[in-house]
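Here is the structure we will look at.
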Amino acid sequence: MTSTLKGITLKGSAELVAEFFSFGINSILYQRGIYPPETFTRVTHYDMSLQLTTDPKLKSYLTNVVSQLKEWLFECTVQKLVLVITCLETNEVLERWQFDIECDKSAKESSAPREKSIKTIQDEIRSVIRQITATVTFLPLLETPCAFDLLVYTDKDLVIPEKWEESGPQIINQSEEVRLRSFTTSIHKVNSMVAYKRTDSA
Amino acid sequence: MDLEDDTTVLTTLKSFNSFISRPEHPQRLCPPLQLLEAAEKVHSINRYLQLDQEKKQMELSHKRARYELEKAASDSARDFEVDRNQELLGKIKKLEERETEAAKNLSDQMEENHALRKNMEGLSKKMEEQDSRLNTANQTIISLKDEIRELKQKIQNQDLTISAQALENQELQEQRDLQRRKYQDVSQLCQSLQAAQSSCSEHVIKIKELERRLAFQEQDISIMKTVKSEVARVPDLEKELKRLRDDNDFLRESRENCSLLKEEVEGLRKKLERMEKTKEELVNMELEKEKLQAWENLGQSTGLNIRKPEDLSREVIQIQQREIALKEQNYILNSRVRSVERSESELRTELSQQRNKTLEEQKKRETQDALVRRLQKRVLLLTKERDGMRAILESYDSELAPSEYSPQLSKRLREAEDILQKTQNHNAEMEVSSVNAPGHFCLSKVELELETLKQQQASTAESSSLVTKEEVNILREKIEDLEAERQRLEEQNNILEMRLERHNLQGDYDPVKTQVLHFKMNPTAVAKQQRRLCARCRMEEPRPIHKMTPACTSDVIKIKLLCFLQTSGCVADLRKQMESSELRNQRLKEVFQRKIQEFRTVCYVLTGYQIDVTTENQYRLTSVYAEHMNDSLLFKKGSSGSMQLMETEFSKTLGEMVALHLHHQKSIPAFLSAVTLDLFSRQTTV
């Protein structure tokens, strides 16, 4: 954390948001059972206990994506981060966890820190993660083996880095959407929501 | 007997008939001359006949006699035979009885035989056991013999060793004797040595004592020498002693003097100190005196009531307090000055601001005044308009009064007022715009507009009431339509916004502004690749399995084919393949069944046992020669592949065979053949 307790800079904000994504993605993967629960370990962060993966492949993938995302957050070129859960048998998209990111591009010009304490931001983040955990109660059960992917919506003029490629939006056919809480670092505002495939029984 | 009688009667009858039939012929044929001859002849013939008859009678009697004889003979013979028969029957019965007895005996014998056989078997078993024991005993004997031999060898060896040891012993004894002798010598030597040693020690003690004495003597000698020298020094010492005593007395006196002198010195010193102190005090006193004089002078010079230093200090303190108070006042004043300066500067700024404001206000006021003037003009114009409108309306009212359409009138009035209001609003707007827009151009424009409006109003006022009504209605409708359209558009807008929101929620994006990126090696791609690989593996798998195990169940093939179908599209080909494989399976099943049946019958015929599988790992054997349907043997296959006989009703009756063949010989085939032989013999003997 480069930011002081009193204010927050663009860099600090990018780091905070990237950290939130790292924990949020881990939480979703654990809660939705995409990876077996024994591959997760318990850590304490944001004054709450969270699950972090120990799977080496997944870890390296997440660090790759999150570090790239941090760069983009710093450049204010990222618009959305989407976690897509796909059924492997039918290649059908079952869930979409969308995090809309609103960047205050004026923060790029003025390096003056914004007046918002990290504690309040972390409180907001905590409530978002709590809500993610709580969504398990209404989301339909994933009965088939599933895999996940992370899509990043960026500005069109961004140069695609190596190891990255363009993708489709992976929209769910006939979906139900639920808006979740949002949080803001006063530079980045993150609105979270989840869309899931409407089941016939529901 | 009766039969005999009948035959005689028959013969007589025959002869009589023949007799009757014969004589008639000559009587009819012969003439009377010849009658004599004929008579004679007849007579002779008669006689002949008589004779013949007699003869026949004789023969008959003979025959009878013979017959009787024969009969008697046969009777006797028959009687004899009957008797004999009876005898024979009795004999037969006896013989049968004997036979039955013999059969009983035989069966007994058989049983005995069985028993004996069993005994024999038992004995043979015992024999075998004894043989085995004997063998073991022989083996033990041999082993024991070997042991004995070994032991003998050992004994010999030991004898040898004993003799060797005895020899050694002798040698050792000899050596011992030698040693003993030596020992004696040595002990003697030892004794002598000990004696020598004791004498030696005595001598040593003596020597020591002597040495000690010598040392004592030497000491004594030295003492003596010193004593002698001291004795020689005694007179000198005495002299010295006297001298010293004198010195002592002198010194004692001098010491006493010295102490006295010291006391005196100390007393003097104390006196001196006291004197010095008094001197110092004196100086101080003088100084104080001077000070006091100065004070007195000060008191006189200053005119204050200072008699004592306390007064002065009080004064000083008072002055200091006054000074502090003055300083405080000074500070306060300074701060006040500063604050006043600050407030002054603030006020100055405020003043400048206020001035600016006042200037602005003045400007505003001027503009306002201008506005007010304009507005007043306008108000005047408007009032005039209003008056004109009212006059028009009154004129209308006066026109319409007879028809008494007051509600319509009031409505119209309201409409007209609304229009007025609108125009006024418009005016106000125009004024605002005129205020914002510089120059009088706008104003003039507004005024022009106003005039045009006025003209319009005037024209409208002048136009007939029907026209205005229609226009108003049309306008109202238009307004209503526009309102409706507006609402519709608003709703549409809302709907579109909602849709946009929904699309946004669903993850839609504007491809002009946004691009979607993802990491190439993401988990989904990896998982899909793995699945594709697996599917390919599965596609390649089924064929070799077909070849290797054609008898594998059709279900497995179906599952694999389904997997295959999912991945590829050539359905018909696969279906054909499936059908052919199923057909093949069917045929194989049939062939298997036939072959198995054949095999079972062959087994049954060749071994004499029908083998059935009751449950898993349990086999039931039923012999061809079984006396009952239920007589069967049960075998169970153990985990290590060994077969074990299970107890059944039938196997309970085969205790001996089980003991012999299974427990002793441990051969199931032997046991089975023994059972077969037993059952076979039972079937054939009964």
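The values are calculated or read from the model by the stated rules, or taken from the named source; none is laboratory data. These numbers were taken from a predicted model, which means no experiment stands behind them. Here the Cβ is made from the backbone with ideal geometry for all residues, glycine too, and neighbour counts use every protein chain on show. The area values use the complete protein model at the heavy-atom level, side chains included, leaving out ligands, DNA and RNA. Shrake-Rupley method; radii C 1.70, N 1.55, O 1.52, S 1.80 Å.
Just a few scattered comments:
- Total residues in the stretch A:46-62, condition in a helix (DSSP H, G or I), touching a residue at least 12 places away in the same chain (Cβ under 8 Å) and either in contact with a strand residue (DSSP E or B) (Cβ under 9 Å, 6 or more places away or on another chain) or farther than 16 Å from A:Leu83 by Cβ (or both): 1
- Residue check: B:Asp387 meets all listed conditions (1) at pLDDT 70 or above; (2) surrounded by 12 or more Cβ atoms within 10 Å (Cβ to Cβ); (3) farther than 25 Å from B:Arg476 by Cα but one, namely (2).
- Residues in the stretch A:137-146 that are open to solvent by 50 Å² or more (accessible area, probe 1.4 Å) and either of a type in the set (Phe, Trp, Tyr) or more than 14 Å from chain B (Cβ to nearest Cβ) (or both): 4 in all.
- Residue in the stretch B:501-522 that is among the hydroxyl-bearing types (Ser, Thr, Tyr), within 14 Å of chain A (Cβ to nearest Cβ) and outside any helix (DSSP H, G or I) present: yes
- Counted residues, the stretch A:35-67 - those being away from every other protein chain (no Cβ under 13 Å) and among the basic types (Lys, Arg): 1
- Checklist (1) of a type in the set (D, E, K, R); (2) within 14 Å of chain B (Cβ to nearest Cβ); (3) surrounded by 15 or more Cβ atoms within 10 Å (Cβ to Cβ) applied to A:Arg114, failing item: (2)
- Residues that are in a loop (DSSP other than H, G, I, E, B) and at pLDDT 80 or above were ranked within the stretch B:641-674; the one that is least open to solvent (accessible area, probe 1.4 Å) is B:Leu654.
- Residues in the stretch A:173-202 that are within 26 Å of A:Gln68 (Cα to Cα) and either within 7 Å of chain B (Cβ to nearest Cβ) or outside any strand (DSSP E or B) (or both): A:Thr185, A:Ser186, A:Ile187, A:Met193, A:Ala195.
- Just one residue in the set B:Thr622, B:Thr601 is modelled with pLDDT of 85 or more, part of a strand (DSSP E or B) and over 39 Å from the mean Cα position of the chain (by Cα); that residue is B:Thr622.
- Scan of the stretch B:546-565 for residues that are at pLDDT 55 or above and open to solvent by 50 Å² or more (accessible area, probe 1.4 Å), ordered by number: B:Asp555, B:Val556, B:Lys558, B:Ile559, B:Lys560, B:Leu562
- The numbered conditions (1) exposed (fewer than 14 other Cβ atoms within 10 Å of the Cβ); (2) touching a helix residue (DSSP H, G or I) at 6+ places or on another chain (Cβ under 7 Å); (3) more than 12 Å from every other protein chain (Cβ to nearest Cβ); (4) of a type outside the set (A, V, I, L, M) are all true for A:Thr133 except (1).
- Output for the stretch A:147-172, where each listed residue is part of a strand (DSSP E or B) and open to solvent by 10 Å² or more (accessible area, probe 1.4 Å): A:Asp155, A:Trp164, A:Glu165, A:Glu166
- Neighbours by Cβ (under 9 Å, 6+ apart or cross-chain): first from the stretch A:71-85, more than 10 Å from chain B (Cβ to nearest Cβ); second open to solvent by less than 10 Å² (accessible area, probe 1.4 Å) and of a type in the set (Asp, Glu): A:Leu83/A:Glu95; A:Leu83/A:Asp149
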